[in-house]
Amino acid sequence: MSSVHLVNESMAVPVGWYLMLAAVLFGIGTIGALTRRNGISIFLSIELMLNAANLALIAYSRQLDQRTGQILVFFVLAVAAAEAAVGLALFIAVYRQRRTIDINRINLMRH
Amino acid sequence: MQAIDFLWLIPALPFAGAALNGALAYRRAPKAAVTAVALGAPLASLLVAAACIGQYLGGGLYPQAVERIGYAWTTGALTVNVAFLLDPLAAVMLFIVTFVGFLIHIYSVGYMGHDEGYARYFAYLNLFMAAMLTLVLGNNYLVMFVGWEGVGLCSYLLIGFYYDQEFPPYAGKKAFIVNRIGDFAFLIGMFALIARFGTLDFTPIFHRLAAQPGLGTAAYAGGLSFAAFVGLCFFIGAMGKSAQIPLYVWLPDAMAGPTPVSALIHAATMVTAGVYMAVRSNVIYQLTPGVSLFVAIIGTATALLAATIGMAQNDIKKVLAYSTVSQLGYMFMAVGVGAYSAALFHVLTHAFFKALLFLGSGSVIHAMGGEQDMQKMGGLKARLPVTYRTFVIGSLALAGIPVFAGFFSKDEILAAAAASGMPLHWLFWGVGWITAGLTAFYMFRAVYLTFDGKFRGSHEQEHHLHESPPVMTVPLVVLAVGAVAAGWVEIPLLRGTDWFHRFLEPVLAVVQGAGSLASAAAGATPRAIGEGELGTGAELVLILLSVGIAVAGIWLARSIYGGAAGAERGLVFEERYPTLHRLLANKWYVDEIYDACVVRPLHGLSWVFYRVVDALVIDGSVRAGAAVTRATGDLGSLTTTGNVRNYALYFFIGVIVLFWWIAR
């Protein structure tokens, strides 16, 4: 199999930068998911974490010159979309019941 | 088809009667229907039994045992069949149980006529007949044991028949629990037989033991030979069922049941099951002179002890109860000295005269409106002539006056004891002889207190006095005939008149060989077992002595308790020996001793197990387990806040730990 370069090697940004950006994005997402009270914000934070992972996957994909990582990203996106659809539907349903999506006040699971 | 093929019907018919009456008891059926079932089942059983015995004796089957196998009960390594056996021994018992049992059923129709539990009573009584006939007819120890337990159950049910009173249920429980001790030993004995022979059938076990006495005399367990071990276990079983020292205490209390029950179960049939079992197992006992001696000692001691207690009782049924214990002691004395046919002979005569005496006392109690205290009776002979005459016949039979049945059987036991050549044999004879005198005394004390003198009860009772209806007096008369004639099947002194003994001979073959009763006794006087080889002169002397002491006992009772002022004179007489009288009236304080030595320690031990072992240790460990689980759960539930962000944090921490662990 002949090697096909996606990007010119000489102009490449080192993979470490991508990983660092991904780590920062993941950290922001994590902190957001753990601290925000608004359900939608938590969703946004989780999306951030997923995309941080996507970024790391693509970076490695290029570094290792393999397309597996990119394929995996499509799966992640699809799953993320599905998750967002289900999650938003849940929040709408909860909002209709409770008139809030503040997760501090949605603690039915405790009982 | 032959009559003997329907052997199984003999116990099955009363069983069906019991089931039917048990159903009728719930349906408030008319009394006539209950009576028809109650009498029909034992009558049918009696007729089948008569046909079977008739064919057995008349059809050329006699010396051989006839066995009819119903079906295999267990299979595999140990095969036990539900099978029935008819041999001379079973035939005698079959005759006693069905004949006396049927008479007592008839009597019960009158005696229990006004009782609310009429159908229930007859259901139990029929069930008893079924169990007793199973016991008698079984061809192996297990079927016998089923009957053995069945009669124990019926005894319990019938002692506690008046369950709305306080004492009868207590007495029923006492009987059941005391019997359990004996039953346990019986089971151990059966296990030993299974281990040695791989079967429980009578015929092969006895044949092998008789052919190879070494099997029985070989050392087995606890320093005992095999025969001694099994014989001792079976005798302990018999102690419970047949009320021997130390397990006799339930029988006097069993008088709490209806009087016909006392007659049928606690005098004529069930309590003789132990004697029947010992006679059935005679091959085993013949191989163990040591245990036989022990049996004779226990029997003799029981005879004397119970007779002394009987002298000071004022409850007419208690007198008869202790008399029964005493007579059972005689039977075991006979078993112990190897006079098995004499033991069974006494079972036969005793069944007639003691059932008669109990039914007579029932007739008196019926007339007195439930009163059992002889001090409140007196002068009843004019008002209850039939009861009086039959009761006196029964008393004469029990006292051992010639011509009456008890004389023949008791005399044969005493003669056999004297002739046995066992160690202590003159002591057995002497104690038996004295007991015969005591028996005559206490029986005629009861006769004079009850029937002689003037009436000492209330006016109401006197007004109510009446002779019992024919349904009760006819059985009395029939039994009285038996109490006279049942002894004539074995007449002493005359050669060749020991028909009863010769009839039983096929069952009682003498086991020869080292270590057997025959060879142990041979050292003293060469003889065959159970045949008093005393010589006519010596036997005549013994007979005269025992008749003499019986007459003396009756004379003493008459001179104290007879006549118009007999009861008062009797009280004065008893006051003259206050310590002795109190000792006897309180039954040697045996119940109190048992209470202190057995019941209370057991209660204490039960308390310890209940309060300490059960409540603290067992419940405590379970509760501790529950508490630990609950505490762990409570602790864990602190993390369950219900807040999604907390869960996310746990998840996050978990992921970090996982990564750390992988990357380590």
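The values are calculated or read from the model by the stated rules, or taken from the named source; none is laboratory data. Small disclaimer: the values here were computed from a predicted structure and weren't measured. Cβ atoms come from the backbone with ideal geometry, glycine included; neighbour counts cover every protein chain shown. These area figures cover heavy atoms from the full protein model, side chains too; ligands, DNA and RNA do not enter into them. Shrake-Rupley method; radii C 1.70, N 1.55, O 1.52, S 1.80 Å.
Rounding to the nearest 20 debye, state how big the charge dipole of segment A:14-98 is about its Cα centre with +1 on each Lys and Arg Cβ and -1 on each Asp and Glu Cβ.
Taking the Cα centre of segment A:14-98 as origin, the dipole is about 300 debye.
Computed on alpha carbon atoms, what radius of gyration and Dmax characterise segment A:14-98, expressed in Å?
15.1, 51
Provide the buried accessible surface between chains B and A in square angstrom, both chains summed, 1.4 Å probe, rounded to the nearest 100.
Values: alone 26750 and 8370 Å², together 34220 Å².
When B and A are taken together, about 900 Å² of accessible area is lost.
Rounded to the nearest percent, how much of the accessible area of chain B (1.4 Å probe, protein heavy atoms only) is carbon and sulfur?
Values: 18310 of 26290 Å².
Carbon and sulfur: 70 percent of the exposed surface of chain B.
Leaving out ligands and nucleic acids, and using a 1.4 Å probe, what accessible area per residue does chain B come to in Å²? Walk me through the numbers on the way to the answer.
Details: 26290 Å² over 664 residues.
Accessible area per residue, chain B: 40 Å².
GNM on chain A, C-alpha springs below 10 Å: top fluctuator among A:ARG98, A:ARG36, A:ARG62?
Fluctuation is largest for A:ARG98.
Please give the helix B:141-159 orientation as an angle from the longest Cα principal axis of chain B, in degrees from 0 to 90, rounded to the nearest 10.
Roughly 80 degrees, rounded to the nearest 10.
With angles folded into 0 to 90 degrees, how steeply does helix B:31-58 sit against the dominant principal axis of chain B? Use alpha carbons for both and round to 10.
Tilt of helix B:31-58: around 70 degrees.
Could you work out how far helix B:226-241 tilts from the main Cα principal axis of chain B, as a 0 to 90 degree angle to the nearest 10?
In chain B, helix B:226-241 runs at an angle near 80 degrees to the longest axis.
Using Cα springs under 10 Å in a Gaussian network model of chain A, which residue among A:ALA23, A:ALA53, A:ALA89 shows the largest mean-square fluctuation?
A:ALA89
Can I get the semi-axes of the protein assembly as shown's equivalent ellipsoid? Compute them from the C-alpha gyration tensor as square roots of 5 times the eigenvalues, in angstrom, largest first.
Values: eigenvalues 1471, 223, 135 Å².
Gyration-tensor ellipsoid for the protein assembly as shown: 86, 33, 26 Å.
Give the ranking of A:ARG96, B:ARG383 by solvent-accessible surface, highest area first, calculated with a 1.4 Å probe.
Values: A:ARG96 180, B:ARG383 100 Å².
Solvent-accessible surface, decreasing: A:ARG96, B:ARG383.
Go through segment B:631-664 and flag every residue whose accessible area shrinks by 10 Å² or more with all protein chains in place compared to the isolated chain (probe 1.4 Å).
In segment B:631-664, residues shielded by partner chains: B:THR640, B:THR641, B:GLY642, B:ASN643, B:VAL644, B:ARG645, B:TYR647, B:ALA648, B:LEU649, B:PHE652.
For a Förster distance of 51 Å, can you work out the FRET efficiency between the beta-carbons of B:TRP660 and A:TYR95, rounded to the nearest 0.05?
Details: r = 38 Å, r/R0 = 0.75.
Given R0 = 51 Å and the Cβ-Cβ separation, E is 0.85.
Between beta-carbons, use under 14 Å as the cut-off and find the net charge around B:ALA25, counting Lys and Arg +1, Asp and Glu -1.
On the way: positive: B:ARG27, B:ARG28, B:LYS31, B:ARG120; negative: B:ASP115, B:GLU116.
Around B:ALA25, the charge tally is +2.
Evaluate chain B: find the radius of gyration of its Cα atoms, find its Kirkwood radius, and give the ratio Rg to Rh. Don't jump to the answer; show the numbers that get you there.
On the way: Rg = 29.6 Å, Rh = 26.7 Å.
Result: Rg/Rh = 1.11.
Tell me which trypsin sites (Lys or Arg not before Pro) from segment B:387-484 have a DSSP coil assignment and no more than 15 other beta carbons within 10 Å of their own. Show your work: numbers first, answer last.
Details: sites: B:ARG389, B:LYS410, B:ARG445, B:LYS454, B:ARG456; in loops: B:LYS454, B:ARG456.
Here the sparse-neighbourhood loop sites are B:LYS454.
Tell me the per residue accessible area of chain A using a 1.4 Å probe; a whole number in Å² is fine. Write out the running numbers ahead of the final one.
Working: 7930 Å² over 111 residues.
Each residue of chain A exposes 71 Å² on average to a 1.4 Å probe.
With all protein chains present, how much of the accessible area of segment A:14-98 (probe radius 1.4 Å) comes from carbon and sulfur, to the nearest whole percent? Display every interim value, and only then the final one.
Details: 4050 of 5490 Å².
Using a 1.4 Å probe with all protein chains present, segment A:14-98 comes out at 74 percent carbon and sulfur.
Leaving ligands, DNA and RNA out of it, work out the accessible area of B:LEU232 with a 1.4 Å probe and give it in Å² to the nearest 10.
Its accessible surface works out to 50 Å², give or take rounding.
Considering only protein heavy atoms, with the full assembly of protein chains and a 1.4 angstrom probe, order B:ILE188, B:ILE365, B:ILE593 by accessible area, largest first. Walk me through the intermediate numbers first.
Values: B:ILE188 55, B:ILE365 5, B:ILE593 85 Å².
Sorted descending by solvent-accessible area, the residues read B:ILE593, B:ILE188, B:ILE365.
Give the residue from A:GLN70, A:ASN54, A:PHE26 lying farthest towards the positive end of the charge dipole for segment A:14-98; charges sit on Cβ (+1 for Lys and Arg, -1 for Asp and Glu) and the dipole is referred to the Cα centre.
A:PHE26
Would you please name the chymotrypsin sites (Phe, Trp or Tyr not before Pro) within segment B:404-463 that are DSSP coil residues with at most 12 other C-beta atoms within 10 Å of their C-beta? Working shown, then result.
On the way: sites: B:PHE404, B:PHE407, B:PHE408, B:TRP426, B:PHE428, B:TRP429, B:TRP433, B:PHE441, B:TYR442, B:PHE444, B:TYR448, B:PHE451, B:PHE455; in loops: B:PHE404, B:PHE455.
Within segment B:404-463, no chymotrypsin sites (Phe, Trp or Tyr not before Pro) qualify (loop, at most 12 other Cβ atoms within 10 Å).
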